[in-house]
Amino acid sequence: MRVAILQMEGTNCEEESYIAFKETGANPEYLHINNLTEGMLESYDMIFIPGGFSAGDYIRAGAVFAARLKAKVWKDIVDFVESGKPVMGVCNGFQVLIELGLLPGTDGISEVPQAALMTNNSNRFECRWVHLKKTKDTMFSRDAPNKIMLPVAHAEGKFFATQDIIKKIEDNGQVVFRYISPDATEPEYPWNPNGSINDIAAIVNSYGNVFGIMPHPERAYFPFHHPDWTRNPRDKGDGYYIFKSLFNQINEAKSR
Amino acid sequence: MLKATITVKLKEGIDDPEGKSIRRSLELLGFDGIAEVKVVKQYVIYVNCNPEEGKNMAEEMVKKLFVNPVIHSYDIRVEEI
C-alpha cells in the first residue's frame, strides 16, 4: 500500500502521519508539491494531505495549497478520486479538500467549494483533546470504536455550509464523526471546539472514498499519546484505528 | 500602471467571530453604543496592463484564490494610476 503524503511550505504533521502509516504496515512516501508532476499520483494507492499551516494560512487556511494543487494536477486528482481510491485530509488537509470541492461532494466533485471551514466561534486557536462519536462506518472508520478521543489544533475548523447542503450531507449519511461531550450528550463549547454545524468533525464524500477530519488521528496513534495513558491502559491509541481501517480496506480490495 | 483593489467580506448573516471579539475589546476600552463590528480583507494589487485585462485578472484571482463563494462576497475596483 503506497501512500503519497503531500507536502508544501508550512505543512507540519507529515512526520507523525508518515510514522502512523509505516507502523500500520503501509509504505508512505513524502511528495512535495514542487516535485509533483502530471501522471505521478496514479501509481499510489492513497493520497494523504497532512495538517499544518500550508502557505502560512494566509488568505484562508488551505486556500493556497488547494489553488496550487488545482493549477498543477487537477485532472490527476479528479481521476484518482473517480477511480475510487482513498483520499484523506487531516486538519489543514481537510480544509484543502473542502477548498478543492472534493468535499462534501454531495453530488460528486464540485467546481466551486460547497462548504467552508471557518474561523472558530471562539475566535481562538483551539488546541485540546475532544470526544468523538462515530456516526458512520466507512473505509476510514470501520475498525474504530464508537467513541474515541483525539486532539484538535486549529483556528479555522467550524464546518459551515448552506442549509440545503447540510441537509444533503445528513440525508446521504456523510458525517463520520461528531463532537460529543464527555457524558455523550450534545456538546456545548468547549466540547464542540469550533461551533461546527451539527457538531460535524469529519465527513466523507457521497461515494465514500474522500475523507476529511479536523482532529488529528496521527497525534493519538500510540497509547502513550493519550493524556491519561498511565491511568488508563490501552492496546493502541484511538487514532490507530483510522489507519488500521484504511490498511485493511486497501489490502482486502487488492487481494480481491 | 493599474491598481486593482479586491475587497472580500463575509456574506450578510454569516457569523464574524473576529468582529465580535474586536467589538468586545472596543467596549472594554470604553467605546459605547457599538452595534456591530465587521472585518473585511482588502488586497491591493499593482500590475502593468490595460484596465480590461486587469479586471479579468482580478476576477480570475478571486475565483482561484481569494474567495470561498459559500461564505464570501467581494468587490473589485480597477483604476489607472
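Data for the structure
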{"quantity": "Label-point separation, A:Arg256 to A:Glu23 (7 Å along Cα→Cβ), nm", "calculated": "2.9"}
{"quantity": "Kyte-Doolittle mean at least 0.0 and Cα axial length at least 18 Å: DSSP H helices in chain A", "calculated": "A:63-82"}
{"quantity": "Per-residue ³J(HN,Hα) for segment A:134-147, Karplus 6.51 cos²θ - 1.76 cosθ + 1.60, θ = phi - 60°, Hz, x for Gly and Pro", "calculated": "6, 10, 7, 8, 10, 5, 9, 9, 4, 9, 8, x, 6, 10"}
{"quantity": "Prolate/oblate/rounded call for segment A:101-155, Cα gyration tensor, a/c under 1.5 rounded", "calculated": "oblate"}
{"quantity": "Ordering of A:80-91, A:104-115 by packing [mean C-beta count within 10 Å, highest first]", "calculated": "A:80-91, A:104-115"}
{"quantity": "Helix axis angle, B:17-28 relative to chain B longest principal axis, alpha carbon, degrees", "calculated": "50"}
{"quantity": "Lysine pair number, Cα distance threshold 20 Å (strictly under), chain B, separation 8 or more or different chains", "calculated": "22"}
{"quantity": "Degrees between helix B:51-61 axis and first principal axis of chain B (Cα, 0 to 90, nearest 10)", "calculated": "50"}
{"quantity": "Cβ-based charge dipole, chain A, positive-most Cα from A:Asn194, A:Asn121, A:Ile180", "calculated": "A:Ile180"}
{"quantity": "Alpha-carbon centroid distance for the pair segment A:180-251 / segment A:148-174, whole angstrom", "calculated": "14"}
{"quantity": "Peptide B:14-26, shielding by other chains (average Cβ, 10 Å cutoff)", "calculated": "3"}
{"quantity": "Highest-first arrangement of A:92-103, A:193-204, where packing means the average Cβ count within 10 Å", "calculated": "A:92-103, A:193-204"}
{"quantity": "Segment B:2-80: C-alpha gyration tensor shape, a/c 1.5 cut-off, then a/b vs b/c", "calculated": "prolate"}
{"quantity": "Cβ neighbours within 10 Å from other chains - mean over A:112-125", "calculated": "4"}
{"quantity": "Residue-averaged beta-carbon neighbours from other chains (10 angstrom radius) around B:6-12", "calculated": "1"}
{"quantity": "Check: segment A:2-255 dipole with +1 on Lys, Arg Cβ and -1 on Asp, Glu Cβ, in debye", "calculated": "300"}
{"quantity": "Gyration tensor (alpha-carbon) shape descriptor, chain A, a/c threshold 1.5", "calculated": "rounded"}
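Any read-out appearing in this document is the output of simple, stated calculations on the displayed coordinates, not a laboratory observation. Quick caveat, the model's predicted, so the values are computed rather than measured. Heads up, the Cβs are rebuilt from the backbone with ideal geometry, glycines too, and the neighbour counts pull from every protein chain shown.
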